[in-house]
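Please read the structure below before turning to the comments.
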Amino acid sequence: MDIKLHTCFIAVDDHDTALAFYRDVLGMEVRNDVSYEGMRWVTVGSPSQPDVEIVLEPPLADPNASAEDKETMSELLAKGLLRGLIFSTDDCDATFEKIAEAGAEVLQEPIDQFYGVRDCAFRDPSGNLLRFNQPLKEA
């Protein structure tokens with residue numbers, strides 16, 4: 001059996017702001033932009049991974065959800081408690097500089113981790129945790 005990741009979802013509170021970050025700062029390509037019943041889903045992905053997609057979805061993509069549930073999800077998103085993504089990069093330090101210069105909230109500057117990667121961390125404009133890993137070279 002051959003199983004591969006195809007699509008993952010991340011909640012955003014403002015699609016245009018999220019799109020500007022994922023497209024213009026991270027270099028993702030826009031693959032789809034769909035609206036339905038007052039909600040919007042934007043699919044982005046790395047040009048080097050055409051078979052993997054990230055869907056930027058509303059915090060609670062359920063037209064039947066209560067106003068209270070929607071408010072709760074929005075609050076969790078604002079606190080950065082919903083989802084996160086880990087990206088790989090061939091240059092953690094250069095990636096850090098580019099994203100930091102774009103004004104993203106820095107959570108962790110590049111550091112060598114004991115588990116074999118150099119990584120850094122940010123929050124996207126909606127508050128989601130994003131980490132960027134580079135494998136450490138073996139000594």
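Here the range 83-95 is the region considered, the condition is being closer than 23 Å to Phe9 by Cα and either without any contact (Cβ under 8 Å) to a residue 40 or more places away in the chain or of a type in the set (A, V, I, L, M, F, W, C) (or both), and the residue that is surrounded by the most Cβ atoms within 10 Å (Cβ to Cβ) is Thr95.
Looking only at residues in the range 46-103 that are assigned to a loop (DSSP other than H, G, I, E, B) and acidic (Asp, Glu), which one is farthest from the chain's Cα centre (by Cα)?
Step by step, filter the range 46-103, then rank; the result is Asp62.
Scanning the range 12-51 for residues that are closer than 23 Å to Gly80 by Cβ, hydrophobic (A, V, I, L, M, F, W, C) and modelled with pLDDT of 90 or more gives Val12, Ala18, Leu19, Ala20, Phe21, Val25, Leu26, Met28, Trp41, Val42, Val44.
Residue pairs whose Cβ atoms lie under 7 Å apart, sitting 6 or more positions apart in sequence or on different chains, and linking a residue in the range 14-26 that is at negative phi and assigned to a helix (DSSP H, G or I) to a partner that is modelled with pLDDT under 95 and of a type in the set (S, T, N, Q), are Ala18/Ser126. Of the residues making up the range 52-82, just one is charged (D, E, K, R), farther than 27 Å from Glu29 by Cα and surrounded by 14 or more Cβ atoms within 10 Å (Cβ to Cβ), namely Lys70.
The values are calculated or read from the model by the stated rules, or taken from the named source; none is laboratory data. Since we're looking at a predicted model, the values are computed, not measured. Here Cβ is always computed from backbone atoms with ideal geometry, including for glycine, and neighbour counts include all displayed protein chains.
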